[in-house]
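What follows draws every value from the coordinates through simple rules; no lab data is involved. Keep in mind it's a predicted model, so treat the numbers as computed, not measured. Glycine gets a Cβ as well: all are built from the backbone with ideal geometry, and neighbour counts include every protein chain shown.
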Ligand code: ASP
């Protein structure tokens, strides 16, 4: 079999940072520094090329223009490589993973996103292991010779997660990510143990379709969180933000909100002005279900159920779908459907 060909896209993040002696804070550094710290990469026997953001960024500065840059790079080099590894800061990694999963159409090769909690130059770094494991996952094949992973995934420490199902759950643990509503795609131990029954499989008749991408993302969106004490004035103010087109509403429990008339009327008013509102739960597990009258209030005000989607996937899905210029009923239909395995419907 040929040597696996992998393209690394280095965007920045802690993995490649070094300490600024003047301020004693970490700043992104260039790719050569990063790869010089991992001589073991040579031992994999892969053909590896790299492309770097110039300059690399802390992922707190990530925005949709950067997602376009990542996706354009993948699209441009798609046929030349067996897989792609994106090195990225952990802070917004789940947003990027979600966004690019919706932007890429007909993806049938691995896009593995990773980073680290400690810079790669530090003695106890998790970066070296994460980088090497991500490369191995990007090169992995099934017994039939197909790529083992045919989707966007996050590799971090002991697990591989579906990208649009993952959330950063720890600011200081090496196992920094979790999927609250979907099993791990692989467990990393002495070997890489893939959970093949939950990996996305491209249908045989779609395998030869050319990769395409959506590049137009609409950022006139907001994430609103309910809390006891939220006033009508605050809610109205938020929903009247100039140009607002979509809202992810973080409701309580199984999708519930206050039963007062003011609440349903304020939401209905926004929906009637053409703002799409998607209901997602604030809970760590589970999703929106029709169980309580307090949840019905939102549904009857025209709010779309986000089922068990993550906030990161909900907001990026909205940005991508709003960018397609769909008719309102088509937009609702697509938001309610699972497009890339991001939610459990029905
Ligand atoms: N602030 C860093 C970033 O997201 C944190 C990290 O990489 O872990 O770029």
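With everything on Cα atoms, drop me the angle between helix 127-139 and the longest principal axis of the chain, reported from 0 to 90° to the nearest 10.
Here the helix axis deviates by roughly 90 degrees.
Just the Cα atoms of the range 116-199: what Rg and Dmax do they give in Å?
Cα radius of gyration and Dmax of the range 116-199 are 12.9, 39 Å respectively.
In the range 1-89, what percentage of the DSSP-assigned beta bridges are antiparallel, given to the nearest 5?
On the way: 3 of 15 bridges.
Beta bridges within the range 1-89, antiparallel portion: roughly 20 percent.
If R₀ is 51 angstrom, what is the calculated FRET efficiency for the pair residue 237 and residue 211, using the beta carbon separation as r and rounding to 0.05? Intermediate results must be reported in sequence, preceding the final value.
Details: r = 42 Å, r/R0 = 0.83.
According to the calculation, E is roughly 0.75.
Among 91, 220, which comes first, then next, by fewest other beta-carbon atoms within 10 Å? Walk me through the intermediate numbers first.
Values: 91 18, 220 14.
Placing the least packed residue first, the sequence is 220, 91.
To the nearest 10 degrees, how steep is helix 64-77 against the longest Cα principal axis of the chain, on a 0 to 90 scale?
Approximately 40 degrees, to the nearest 10.
List 27, 144 from most exposed to least, where exposure is judged by having the fewest other Cβ atoms within 10 Å. Intermediate values should be presented prior to the final figure.
Values: 27 14, 144 5.
By the 10 Å Cβ count, ascending: 144, 27.
Test of understanding: in a Gaussian network model of the chain with alpha carbons linked when under 10 Å, which of 277, 198, 86 would top the mean-square fluctuation ranking?
198
Where is the GNM fluctuation largest for the chain (alpha-carbon springs, 10 angstrom cutoff): 321, 155, 26?
In the Gaussian network model the winner is 26.
Give the order of 318, 148 when sorted by the count of other beta carbons within 10 angstrom, beginning with the fewest.
On the way: 318 29, 148 21.
In increasing order of surrounding Cβ atoms, one gets 148, 318.
Rounded, prolate or oblate for the chain? Axes are the square roots of the Cα gyration tensor eigenvalues, ordered a ≥ b ≥ c, and the cut-off for rounded is a/c under 1.5.
Numbers: a/c = 1.99, a/b = 1.63, b/c = 1.22.
Judged from the Cα gyration tensor, the chain comes out prolate (a/c at least 1.5, a/b above b/c).
Among 125, 96, 23, which one moves the most in a GNM of the chain with springs linking Cα atoms closer than 10 Å?
Ranking 125, 96, 23 by mean-square fluctuation puts 23 first.
Contact order normalised by length for the chain, with contacts defined as Cα pairs under 8 Å and 6 or more residues apart; what percent is it?
Numbers: 704 pairs, mean separation 50.1, N = 346.
That works out to 14 percent.
Using alpha carbon centroids, what distance separates the range 198-274 and the range 12-77, in Å?
Between the Cα centre of the range 198-274 and that of the range 12-77, the gap is 32 Å.
If you take the square roots of the eigenvalues of the alpha-carbon gyration tensor of the range 135-289 and sort them as a ≥ b ≥ c, do you get rounded (a/c under 1.5), prolate (a/b over b/c) or oblate?
Working: a/c = 2.90, a/b = 1.91, b/c = 1.52.
In terms of gyration-tensor shape, prolate.
Along the Cα→Cβ direction, 7 angstrom out, place labels at residue 30 and residue 290. What is the inter-label distance in nm?
The modelled label-to-label distance comes out at 6.0 nm.
Under the rule a/c < 1.5 gives rounded, and otherwise a/b versus b/c splits prolate from oblate, where does the range 254-346 land using the Cα gyration tensor? Let's see the in-between values first.
Values: a/c = 2.07, a/b = 1.17, b/c = 1.77.
Oblate, since a/c reaches 1.5 and b/c is not below a/b.
Helix-only mean residue ellipticity at 222 nm, the chain, DSSP H runs n ≥ 4 weighted -39,500 (n - 2.57), per residue, nearest 500. What is it?
Working: 9 runs with 93 residues, N = 346.
Result for the chain: -8000 deg cm²/dmol, rounded to the nearest 500.
Could you give the nm distance between label points at residue 220 and residue 330, where each point is 7 Å from its Cα heading toward the beta carbon?
Inter-label distance under the simple model: 1.8 nm.
Measure nothing but the geometry: give the 0 to 90° angle between the long axis through the Cα atoms of 311-322 and the longest principal axis through the Cα atoms of the chain, rounded to 10°.
80
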